[in-house]
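Data block below; observations after.
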Amino acid sequence: MSSEFLFKSAGELASLLAERKISSVELTGAFIARTKAVDGRVKAFNSFDEADALAQARAADARRAAGQARGTLDGLPVGIKDVIAVAGQPLTCSSRMLANFISPYDATVTRRLRDAGAVLWGRLNMDEFAMGSSTENSAFHPTSNPWDLTRVPGGSSGGAAAAVAAGEAPLALGSDTGGSIRQPASFCGLVGLKPTYGLVSRYGLVAFASSLDQIGPFARTVEDAAILLGVIAGHDPLDSTSYPAPVPDYRAELRRRPGPWKLGVPKEYFSKGLDAEVGEAIRAAIEFYRKSGCEIREVSLPLAADYAIAVYYIIATAECSSNLARYDGIRYGHRSAAATDAIDIYFKSRAEGFGPEVKRRIILGTHVLSSGYYDAYYLRAQKVRTLIRNDFMRAFQEVDALLAPVAPTAAFKQGEKVFDPLAMYLSDIYTISINLAGLPGISVPCGFTQGGLPIGLQIIGQPFQEAGLLAIAHAYEQGHDWHTKHPEL
């Protein structure tokens with residue numbers, strides 16, 4: 001199977017399966033072979049079970065032969081970020097703390113993928129416990145950007161983005177706490193969707209910041225993202241934050257919502273700090289919508305621009321401190337061999353098991369939750385979070401969606417920001433506020449730098465209006481060929 005075949009969209013591959021032009025075993029085998037050929041350089045995977053993937057593929061072929069195919073995803077491989085539970089497979093969160101942990105159960109999204117017949121394909125590398133913007137914080141190895149192996153793929157879902165970009169999987173699931181799907185999608189030239197908070201179940205997603213985390217798809221096209229979202233979305237009684245919103249046929253809705261739309265451009269997102277090439281590509285995308293008949297309005301998000309980073313790193317670290325308290329070296333996870341008593345187990349296991357960035361965020365979070373500081377930091381941050389959401393909702397009284405950059409720059413060099421946490425945190429400046437407000441956002445390829453690095457356009461939608469958001473993104477994609485490009489490895 002040629003490499004060009006591996007870069008077809010999931011929709012195209014599904015059609016080939018349905019027409020019996022290929023089998024799931026052939027398709028899955030091709031992605032396995034591709035992974036063996038290139039992942040030594042990309043390092044998108046933490047692990048994969050070749051025999052299990054082929055067994056799933058054989059089952060899909062048997063269903064299809066019996067006239068019992070389960071839908072579009074039946075027989076298609078889907079990569080899984082190593083923070084989402086798959087029964088019987090490692091669940092490491094790219095951390096020494098969970099290096100030997102095997103999940104005893106499926107996440108809800110995993111179960112829904114199984115029910116749809118998807119082939120669950122491998123464990124994808126990430127920043128440890130989803131804390132980072134470059135996938136350099138993995139305890140196991142950094143992941144490289146397939147477009148330039150000296151650069152980062154973004155984070156924390158860098159392994160998921162790199163796997164799809166490199167042709168090692170047609171689809172993947174990641175998680176987004178402050179931009180961890182959209183930013184890697186932008187850096188790797190993919191479509192990446194962060195759904196509305198509550199649309200996709202978090203049951204079986206290892207928690208970093210529970211009020212911010214959301215699972216979403218990586219794909220080659222907007223249509224592929226719509227297909228995958230349609231499978232994983234929907235109410236789940238196992239997740240108390242899951243919302244009973246209707247789940248339309250997102251793929252069909254792409255063509256039922258032709259526009260034109262009223263689109264807002266946040267003026268604060270085009271100030272200093274935005275790379276000139278990135279800004280030029282985003283402005284060209286905005287002009288495309290204008291020429292397509294859309295009404296473009298300038299809007300203002302002053303609180304989101306000025307306070308989102310500070311608010312995010314108070315709320316996210318506080319929730320991180322609380323969520324990661326369970327890793328104590330006693331119940332499960334890493335236990336220090338050097339410990340001599342119960343207190344020693346706790347201190348040494350956590351010291352050995354967590355990496356520097358995780359420790360930094362636990363310390364920050366514990367501080368803002370401590371006596372005397374809770375009101376000054378955490379409570380005040382929650383109030384400002386509400387004001388930030390109000391900023392967005394006022395803008396949505398005037399427009400259907402917002403157009404913005406995903407990140408201030410294209411993919412940066414490996415090692416460039418490792419020792420400068422603030423610079424690393426600022427790479428998420430345009431994505432963080434969407435998580436704070438609980439809104440959906442999507443990154444769509446919109447160009448390349450002169451050096452050949454992808455650039456993504458961020459489209460921000462209204463709560464639970466993913467169908468409209470995908471339609472707006474699809475309209476842009478149909479007018480360009482950026483999504484058809486892929487790296488040569």
Check: Where does segment 92-190 land on the Kirkwood hydrodynamic radius, alpha-carbon pairs, in angstrom?
Finding: 13.6
Note to self: Which of rounded, prolate or oblate describes segment 45-121 when judged by the alpha-carbon gyration tensor and an a/c cut-off of 1.5?
What the structure shows: prolate
Check: Scattering from the C-alpha atoms of segment 375-489 alone, worked out with Debye: what is log10 I(q)/I(0) at q = 0.12, 0.15, 0.18, 0.19 1/Å?
Finding: -0.56, -0.82, -1.05, -1.11
Margin query: Eigenvalues of the Cα gyration tensor times 5, then square-rooted: what semi-axes does that give for segment 268-357, in whole angstrom, largest first?
Written below: 49, 14, 12
Next item on the list: Using a cut-off of under 11 Å, list every residue of segment 73-114 whose amide N is near the label point 7 Å from the Cα of residue 18 along the Cα-to-beta-carbon line.
Entry: 73-74
Next item on the list: Identify all lysines with a Cα-Cα distance to residue 291 below 16 Å; exclude those on the same chain that are fewer than 8 residues away in sequence.
Entry: 262
Check: In segment 91-125, which residues have a backbone nitrogen under 17 Å from the label point lying 7 Å from residue 337's Cα in the Cα-to-Cβ direction?
Finding: 96-101
Item checked: Distance (nanometres) between label positions extended 7 Å along Cα→Cβ at residue 257 and residue 114 -> 3.2
Note to self: Let me check the size of segment 220-272 from its C-alpha atoms; what are the radius of gyration and Dmax in Å?
What the structure shows: 15.9, 45
Next item on the list: Translational diffusion coefficient, Stokes-Einstein: compute it for the chain using the Kirkwood radius over C-alpha pairs as Rh, at 4 °C and 1.567 mPa s, and state it as an integer in µm² s⁻¹.
Entry: 58
Item checked: Pairwise label distance in nanometres, residue 450 with residue 283, each label 7 Å out on the Cα-Cβ vector -> 1.6
Check: Among the DSSP beta bridges whose two residues both lie in the chain, what percent are antiparallel, rounded to the nearest 5?
Finding: 65
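All of the numbers you see were taken from the coordinates with simple rules; none came from a lab. Please read these numbers as outputs of a predicted model, since none were measured by experiment. Don't worry about glycine lacking a Cβ; one is built from the backbone with ideal geometry, like all the others, and counts go over all protein chains shown.
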